[in-house]
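> Supplied in structure tokens, the structure appears directly below.
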Amino acid sequence: MALDKKIAFLGGGNMTEALIKGLIASGMAGPDRILVADVSTDRLTHLKKTYGVLPQKTNVDAVRDAGIVILSVKPQVIDKVLAEISPVVDNTKLVISIAAGVPVAKIENALKKGSRAVRVMPNTPALVLAGAAALAAGTGATADDLALSQSIFNSVGRSVVVEEKLMDAVTGLSGSGPAYVFMIIDALSDAGVKAGLPRPLALELAAQTVYGSAKMVLETNEHPAKLRDMVTSPGGTTIEGLHALEKGKLRATLMNAVEAATARSRELGK
Ligand SMILES: NC(=O)c1ccc[n+]([C@@H]2O[C@H](COP(=O)([O-])OP(=O)(O)OC[C@H]3O[C@@H](n4cnc5c(N)ncnc54)[C@H](OP(=O)(O)O)[C@@H]3O)[C@@H](O)[C@H]2O)c1
């Protein structure tokens with residue numbers, strides 16, 4: 001589905017670059033429909049040179065011309081940017097914020113009454129078009145706004161819709177999750193080296209195993225326990241490994257990690 005409106009990115013950093021890549025690759029928006037504003041002229045030059053998108057002098061210039069506005073600056077500067085753009089945002093525009101921890105009500109309150117806002121928590125695998133994003137609608141956003149927002153984030157992976165109160169849990173799981181999985185891949189790779197494999201080969205096998213296993217869960221829709229049972233033969237090697245993981249409390253450790261990150265997200269949001 002091609003977007004029928006221009007899309008403006010405020011902040012031209014990593015996440016914006018991932019979304020630009022996804023929008024162009026999926027055919028949702030041509031570069032001539034994508035506007036970007038950033039305080040860094042280097043970033044603007046890079047994005048124009050690499051993707052052919054249209055750099056804008058100011059956030060206000062970008063917003064004025066667009067039907068969809070993506071707030072992609074760090075949470076620390078969101079107040080400043082909202083104050084700047086509020087005079088030119090009315091309810092003909094959809095505002096999508098990806099700023100971590102910023103409540104959608106805060107966005108709505110800073111804009112004109114009846115503004116349409118959606119809050120999104122993406123994650124870094126969006127950079128390789130395999131992101132996981134969760135979206136929560138503001139009070140002024142329509143079902144179409146939510147569907148449109150989902151299609152934008154589906155262009156860089158997949159997305160789900162949640163109630164906003166679940167955003168801290170999303171942050172603890174999929175927001176921070178890539179870091180947990182990177183640690184797991186690193187540990188598996190070390191384990192391979194300990195068992196005698198050369199490092200590059202161990203890393204490649206570890207990463208591909210995590211990737212392939214995740215793909216199997218998503219593509220078969222089978223419960224992971226069923227898929228695990230399929231590779232666990234009686235008295236075999238896998239059950240030995242699984243027993244060691246149970247003794248090391250892998251499951252409880254991962255649950256503790258998500259719980260701790262969720263609690264921290266809640267704390268930072270206060
Ligand atoms: N990366 C992630 O994994 C991730 C995950 C979930 C949510 N998010 C959220 O996504 C948003 C963007 O993250 P990111 O990783 O893309 O950040 P980033 O790479 O730092 O990009 C933000 C860009 O905005 C620019 N900027 C600063 N002040 C500005 C202003 N007043 N007007 C316009 N542009 C301005 C920055 O320039 P300078 O660098 O020169 O200041 C930078 O180029 C953040 O709110 C973050 O919380 C990111």
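Read-outs: derived from the displayed coordinates by stated rules, not from any lab. Bear in mind the structure is a predicted one, so any value in this text is a computation, not a measurement. Here the Cβ positions follow ideal geometry from the backbone for every residue, glycine too, while neighbour counts run over all protein chains shown.
> Starting from the 7 Å offset along Cα-to-Cβ, what nm value, one decimal, do you get for the label separation of T92 and S213?
The two pseudo-label positions are separated by 5.3 nm.
> Here is a follow-up. How much of the DSSP bridge set in the stretch 52-174 is antiparallel, in percent, rounded to the nearest 5?
The antiparallel proportion sits near 25 percent.
> Using the Kirkwood formula on the Cα atoms of the stretch 8-161, what hydrodynamic radius do you get, in angstrom to one decimal?
Taking the inverse mean of 1/r over all distinct Cα pairs, the stretch 8-161 comes out at 15.1 Å.
> So what's the back-of-envelope 222 nm ellipticity for the chain, counting only DSSP H runs of four-plus at -39500 (n - 2.57) apiece and dividing by all residues, rounded to 500?
Taken over the chain, the calculation gives -15500 deg cm²/dmol.
> Could you pull out every residue, at least 5 positions away or on a different chain, whose amide H is within less than 5 Å of the one on G138? Hs are placed 1.01 Å off N in the peptide plane, and Pro or chain starts have none.
A117, V118, R119
> Considering only the chain, what is the antiparallel percent among its DSSP beta bridges, to the nearest 5?
Bridges in the chain are about 15 percent antiparallel.
> In straight Cα distance, which aspartates and glutamates are under 19 Å from K194, not counting same-chain residues fewer than 8 positions off?
Hits, sequence-local ones excluded: D186, E204, E240.
> In addition: Can you give me the long-range amide H partners of V161? Hydrogens built in the peptide plane at 1.01 Å from N, cutoff under 5 Å, separation of 5 or more residues or another chain.
Placed amide hydrogens put L135 under 5 Å from V161.
> Then there is this: Counting only pairs 8 or more residues apart or on different chains, how many lysine pairs in the stretch 7-164 have their Cα atoms under 17 Å apart?
Here the count comes out as 11.
> Let me ask something else about it. Sort out for me the Cα centre separation of the stretch 37-109 from the stretch 123-182, rounded to whole Å.
18
> By a straight-distance test (C-alpha under 16 Å), which lysines pair with K226 as possible cross-link partners, with residues fewer than eight away in the same chain excluded?
By straight Cα distance, K226 reaches K215.
> What does the net charge come to around A29 if you take all other residues with beta carbon closer than 12 Å to its beta carbon, with K and R at +1 and D and E at -1?
+2
> Let me ask something else about it. Once phi is turned into ³J(HN,Hα) by the Karplus curve 6.51 cos²θ - 1.76 cosθ + 1.60 with θ = phi - 60°, what whole-Hz value does each residue of the stretch 42-56 show in order, with x for glycine and proline?
Residue by residue, the stretch 42-56 yields 4, 5, 4, 4, 4, 5, 5, 5, 7, 10, x, 6, 9, x, 10 Hz.
> Here's another thing I want to ask about it. Put a dot 7 Å past each Cα toward the Cβ at T41 and D61; how far apart are the dots in nm?
Between D61 and T41, the label points sit 1.1 nm apart.
> May I ask which residue of L82, T92, L188 lies farthest towards the positive end of the charge dipole of the chain, with charges of +1 (Lys, Arg) and -1 (Asp, Glu) on Cβ and the Cα centre as origin?
Among L82, T92, L188, the one farthest towards the positive end of the dipole of the chain is L82.
> If I model a spin label as a point 7 Å beyond the Cα along the Cα-Cβ vector, how far apart are those points for R158 and T232 in nm?
Label at R158, label at T232, 2.3 nm between them.
> Subtracting the Cα-Cα distance from 0.36 nm times the residue separation, let me have the gained length for L254 to V181 in nm, one decimal.
25.3 nm
> For a Förster distance of 30 Å, can you work out the FRET efficiency between the beta-carbons of L166 and I239, rounded to the nearest 0.05?
Efficiency computed from Cβ-Cβ geometry: 0.25.
> Can you tell me which of G114, G177, G22 moves the most in a GNM of the chain? Springs connect C-alpha atoms under 10 Å apart.
Result: G114 has the largest fluctuation of those listed.
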